[in-house]
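The values are calculated or read from the model by the stated rules, or taken from the named source; none is laboratory data. All values reported here derive from a predicted model rather than from experimental measurement. Cβ atoms come from the backbone with ideal geometry, glycine included; neighbour counts cover every protein chain shown.
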Amino acid sequence: MGTINIHINHFSMGARNAFETAARLRNETGLSFWTGEWVRDTSCHMVPLGNGPHGKDAFIEIQCSVDAHAHLKETAPNRRYDALLANTENNGDLWTGLMLGVDSRADLEAVAKRLGGDITPDDSRINPYNHFQRPNGYILGYQGGPRFSGGQRPSKWPADMPGFYYYPDVPNRTSYQQVVPWPHMRTPSGVKWITFGGTNELLSDWMGCNAEEMIPVKFNGKAVGTWEVCVGIEGGADVVIRRNPTALFITDESKYRNSPRPG
Amino acid sequence: MQIRLNHFALGARNIYEASARLLKETGLGHQTGDWVGNTACHMVPLGGDVFIEIEGTFMSAHDFLKMPKPNYTYDALDTDNEYNGDHFTGMMLGVDTLEELEEIGKRLGGGVTPNWPDPYRHFQRPDGYVRRFQSAPYYEPGSGKSRPRGMPNFYYYPDIPGRPANQPVWSAPHLKIPTGVKWIEYGGTEEEMSAWLDVPKASDILPFRFNGKAFGTWAVCVGVEDGDDIVIRRPPTAASIKEASIYKSTQ
């Protein structure tokens, strides 16, 4: 396992209104975004963070539900919805996920197997609705893991431990697409560090390596999840993006763990 | 006064799915990222300064649930059809000056919407551009007046280069280039629309075809360069709302 290179792939920022959130984040940081990506009933505004030495061409996906009809027909508890409703800062914005990347499908399979799961299928061509799509018709094929049988994550792992992803199409990576021009836009130069909840022991156990040596992570011992992301800026001061993590607002995980809907 | 087509509103449960499906159906591309309040719009230029705004409420998990119920548009979109619930939710006509808009608003017993200083009440684009507009007829809240459902309202867009119809669309394979609206199938009758527009014959100034059914847009025919005309058919919201009296009047 020590030979697997694990990097920061992306961060999910849940929003009640991805449009408002993206505009506000840009006013706050100077980091612009591009629009139009979606998967099922979720819309994403994408914020490239640059290609630094640690956060390999990472990005933020600002995501929100866009289909009220689908949402109202859901019967399973919706963890993200409940957390977004509870948070009162930044119009509800929350860090909803840290996603790590590996460089090959074999690496992804090895990571998933070690954690007792498997990986999602490579079905982007036969089931595009389950994959990210862009307005030009491009479908972003990727695979993720670990996927646990029946959706039941072993109880030893908190809900917001990072997922692992393999994106085979490097030129079309989200972080390489052009953002919308804007006055005073800044050019990001990569993720410098992140603050994550929990401890290095916990994340290292999950990653199968010394997390602090593999990715630029600091720990605050609080609820598991992303708390801060520091982004380098060409010709300027670093930007630190602070939002609350989802787990801060979910006091009882049990009803979500028993739900067929992924957390 | 010249009255022309400005745009059509196409309500969707999921505007991303709806615009991708419309692209496959017609070859007409769209812009993304336009939004106003809690509504997101994908814009589909049709040629000749006219466009479709595919609109959907987002914040669905939050603000939407706080909106007054019953909700006329939501309930129409919740009606299943062969287009995943898509409905034409409006036809908007355009005039060339604020004075003309005020004249129409006055004739219809109201006024025009204020030029709201708050950008949150106007369409915004990802580049920060705020597209200001005013519309009529506008009735003050609590006045007891409302526009008949399904009848078009009127808009004045002062920034012509900034109109959605003049913005580039996302590139996609097999895109077609639209050349303008050739005809519109609309509910009601020639007489009813002529009275609303205050003209002798509505179909003399706009390419209407009336079907006598519920008010609203039923079909839009768009010409394309080097190809057959495209006909976009969706039901109007009024066709799916059998008992409108339970809904509060809206602007």
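Yes/no matrix, rows are residues, columns are (1) modelled with pLDDT of 85 or more; (2) at the interface with another protein chain (Cβ under 7 Å from one of its Cβ atoms):
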{"residue": "A:C64", "(1), (2)": "yes, yes"}
{"residue": "A:D67", "(1), (2)": "no, yes"}
{"residue": "A:R79", "(1), (2)": "yes, no"}
{"residue": "A:L84", "(1), (2)": "yes, yes"}
{"residue": "A:E89", "(1), (2)": "yes, no"}
{"residue": "A:D93", "(1), (2)": "yes, no"}
{"residue": "A:T96", "(1), (2)": "yes, no"}
{"residue": "A:R105", "(1), (2)": "yes, no"}
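Residue check: is B:S203 polar (S, T, N, Q) and farther than 22 Å from B:D49 by Cα? No: the conditions fail for B:S203.
Scanning the stretch A:88-144 for residues that are within 30 Å of A:R24 (Cα to Cα) and over 17 Å from the mean Cα position of the chain (by Cα) yields A:T88, A:E89, A:N90, A:N91, A:Y129, A:R134, A:P135, A:N136, A:G137, A:Y138, A:I139.
Restricting the stretch A:22-62 to residues that are among the hydroxyl-bearing types (S, T, Y) and buried (at least 24 other Cβ atoms within 10 Å of the Cβ) leaves a set whose member that is nearest to the other protein chains (Cβ to nearest Cβ) is A:T35.
Residues B:F51, B:F123, B:F133: which one is more than 23 Å from B:S245 (Cα to Cα), of a type in the set (A, V, I, L, M, F, W, C) and within 11 Å of another protein chain (Cβ to nearest Cβ)?
Numbers: B:F51 fails: within 11 Å of another protein chain (Cβ to nearest Cβ); B:F133 fails: within 11 Å of another protein chain (Cβ to nearest Cβ).
Answer to the check: B:F123.
Within the stretch A:188-216, being crowded, with 22+ Cβ neighbours inside 10 Å, of a type outside the set (G, A, S) and under 18 Å from A:G101 (Cα atoms) holds for A:V191, A:I194, A:F196, A:L203, A:W206, A:M207, A:I215. If A:A106 meets every condition in (1) of a type outside the set (K, R); (2) without any contact (Cβ under 8 Å) to a residue 24 or more places away in the chain; (3) in a loop (DSSP other than H, G, I, E, B) apart from one, which number is that one? It is condition (3) that A:A106 fails.
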